[in-house]
Amino acid sequence: MKFRIDQIWIDDDAVDAPLTSAIIRKTSGSRVFVGEDYKAEARKLELESDPFRKGKRIIRLMKRKGVFVKPCPGTREYVCCNLEIIHIGQGCPMDCRYCALQFYFNKPVMEIFVNQDDMISELHEYIGGSGKAFHRFCTGEFTDSLALDPLTGLSSRLIRFFGKQRGASLEIKTKTNSVEPLLRITPDGNIVVSFSVNASEITRREELHAASLEERLKAATLLQKAGYRLGFHFDPIVPVGEWKPAYALTISKIFDVISPDSIAWISMGVLRFQPVLKEIVTSRFGPVRYFHDAFSPGLDGKSRLFFKRRIDVYRFLADKIRLKSPDARIYLCMESPEIWEQSLGIKMNSSADLSNYLDEAFRVAS
Ligand code: SF4
């Protein structure tokens, strides 16, 4: 998938980076602004009626000054998978109506960090110096892992780096089908490429400019053939209308083309959001029906569907998945031990337990 880029903004200290020149070459039709010139463009963007939409066609190239690696900002109140995030950039050219990035970042343009060498050095030191037995890393927390990869080439570089790491794994998460460069690499067992999946109708209506479910599954089959391990994330599950047959169909479609043995894990998370996101989404897209369902505030301040409805949803999907793959490593994103037990029948009392459960995917593989 190729996304249209109208403008490239370049920080003064990023002008000479080799990746900056490479990206300019690949986006030859885009207008380029450096330093003070792009600050004038930024002021104009603030006056747009929907800066966020326009910002999805603008890339800022910059050097990251802070750390690249940090723990996932999970909440202590729920069972968290203890993922570690590699901060590869932020913002996304796709435009899912439910996307939390609309709330997290007030900067509407996409940012790419051009100092990739610093990222790799930091990862080296981080893994070597942490004393932790195993790390599960992921890109794509503040962006999609592959959406801008045709410009940055970063995922291939990270896959090669992690192939040499015995104490760490890498997960690449996407809603695109931009996997061609990955197919040229022979992956090690510690690399997982995962796809966010949903009911087809939700994908079509809510995930604007993303790959269709069929395109994602086609990409997944190519990766499977190339030897990659795969992940699937049903997140956010939006249980509206005839949601049961719709999600059952997505599960069938996955297992029609993907072998259970290729799947490292499958996660589930019912729609949850910071209350202010509803206002942002309404102002950008008009009223979105499912944001007006019956929600209650969770311990993390997010609006969540009621306990019993979440259990029904998770139980339904888990039953369908287990019919196809009885031993599937299913996990819940940010839920309580009670929900885990009542929906999946699994005792998952702490984040450390969940961390071990997911790390196990690599012990089984090795
Ligand atoms: S693909 Fe992910 S990061 Fe991009 S808009 Fe959709 S939810 Fe947000």
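Every number here is computed from the coordinates shown, using simple stated rules; none is lab data. These numbers come from a predicted model, not from an experiment. Backbone-built Cβ (ideal geometry, glycine too); neighbour counts: all protein chains shown.
Values for this structure:
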| quantity | calculated |
| --- | --- |
| HN-Hα J in Hz across the stretch 209-225 - Karplus 6.51, -1.76, 1.60, θ = phi - 60°, x for Gly and Pro | 6, 7, 5, 5, 4, 5, 5, 5, 5, 4, 4, 5, 5, 5, 5, 4, 5 |
| Using θ = phi - 60° and Karplus 6.51 cos²θ - 1.76 cosθ + 1.60, couplings along the stretch 7-16 (whole Hz; Gly, Pro as x) | 9, 10, 9, 10, 5, 3, 7, 9, 4, 8 |
| Net charge dipole size for the stretch 253-337 [Lys, Arg +1 and Asp, Glu -1 on Cβ; Debye, nearest 20] | 220 |
| Alpha carbon centroid spacing (whole Å) that separates the stretch 324-366 from the stretch 12-38 | 44 |
| Cα-based shape type of the stretch 65-365, given that a ≥ b ≥ c are square roots of the gyration tensor eigenvalues and the cut on a/c is 1.5 | rounded |
| Whole-Hz couplings from phi, Karplus 6.51/-1.76/1.60, listed for the stretch 88-96; x for Gly and Pro | 9, x, 8, x, 8, x, 7, 9, 5 |
| Pairs from Lys2/Lys39; Lys54/Lys302; Lys278/Lys308; Lys244/Lys324; Lys324/Lys347; Lys56/Lys107 whose Cα-Cα separation, in the structure shown, is over 18 Å | Lys2/Lys39; Lys54/Lys302; Lys278/Lys308; Lys324/Lys347 |
| Helix-only [θ]222 nm of the chain, DSSP H runs n ≥ 4, -39500 (n - 2.57) each, per residue, nearest 500 | -11000 deg cm²/dmol |
| Cβ-based charge dipole, the chain, positive-most Cα from Phe3, Gly227, Leu213 | Leu213 |
| Long-range HN-HN contacts of Val34 with modeled amide H, under 5 Å | Ile10 |
| Prolate/oblate/rounded call for the stretch 5-54, Cα gyration tensor, a/c under 1.5 rounded | oblate |
| D_trans [Stokes-Einstein, Kirkwood Rh over alpha-carbon pairs] for the stretch 22-143, 37 °C, 0.692 mPa s, µm² s⁻¹ | 198 |
| Within the chain: Cβ-based charge dipole about Cα centre, in debye rounded to nearest 20 (Lys, Arg +1; Asp, Glu -1) | 580 |
| Relative contact order (%) - the stretch 65-365, alpha-carbon pairs under 8 angstrom, separation at least six | 20 |
| Percentage relative contact order, the stretch 296-366, counting C-alpha pairs under 8 Å, at least six apart | 23 |
| For Ser267, residues with placed amide H under 5 Å, excluding near neighbours | Phe232, His233, Phe234, Tyr331 |
| Between the stretch 48-83 and the stretch 257-311, the alpha-carbon center distance in angstrom | 18 |
| Furthest towards positive pole of dipole, Ile86, Asn115, Val67, structure part the stretch 1-149, Cβ charges | Ile86 |
| Cα centre as origin, Lys/Arg/Asp/Glu Cβ charges: the stretch 1-74 dipole, Debye | 420 |
